[in-house]
C-alpha cells in the first residue's frame, strides 16, 4: 500500500490560493453571462413579465374597421405574418402596450360581421384569417394561425391549423371568451366559445379610446 503525502500549506499561501480561485470563478461567470458574444434568441418569450419591445403607440401600424383601430401585428410580433407571443388570459390583460388593450368579445363579433365572416388565406406563406380586405395586406387585418399552448406544456399545438385569440371578456372565474379561426372549411367563430384562462393564446391589441 502506498500513501499520498500532502504538503502543508502556509496561511498566506492558502489566502492567495483562495483569492486566485475567486477571481477565476468570477471571470468564468462574466464570460458566460456578460454581453460579449451574446447570441440573441429569435424566439419570443410569452411567459415574460416584461412587455413586448414595441411599446410606443405611434410606432404601431393600425387598420381601422368600423370604429375600432386594430394593430396590424400580434402582440410580440414584428410583422403581420409573425405569430408573436402566447399568453394566459390573465397575462394578456396587462400585456398590451400603453394606450392599447385586449379587444372585447363584442369587438370581435363586430369584426366578423363587418368582414362578412372573413376568409381563410395566407400572408408571406403563413396561413391565417383575413378580415375586411379580401387578402390585401394594405387594407386588411390578418390573424395568423399560430396555434396555442396548453397550461401544462410549453409546446405549441395545431400551429398553421387554428388561431385562437383572447378577448378581454371573461365567462367566469376560470374561463374567458376567445376568437377561434380554423383551417378546415375556412371558418371563424366566437359565439359562446370560452376556454380555460390558464391556456396560452395569441393576442391582437386594439387602440384604447
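The values are calculated or read from the model by the stated rules, or taken from the named source; none is laboratory data. Computed from a prediction, not measured in an experiment: that's the story for all the values here. As a convention, Cβ positions derive from the backbone with ideal geometry for all residues, glycine included, and neighbour counts pool all protein chains shown.
Here are some notes:
- Total residues in segment 144-173, condition at pLDDT 90 or above, assigned to a loop (DSSP other than H, G, I, E, B) and closer than 15 Å to residue 92 by Cβ: 2
- The set of residues in segment 125-143 that are touching a strand residue (DSSP E or B) at 6+ places or on another chain (Cβ under 6 Å), over 20 Å from residue 91 (Cα atoms) and at pLDDT 90 or above comprises 126, 128, 129, 130, 131, 141, 142.
- Listed by first and then second residue, the pairs with beta-carbon distance under 8 Å, at least 6 apart or on different chains, first residue in segment 92-113 and at negative phi, second assigned to a helix (DSSP H, G or I) and modelled with pLDDT of 95 or more, are 102/92; 102/93.
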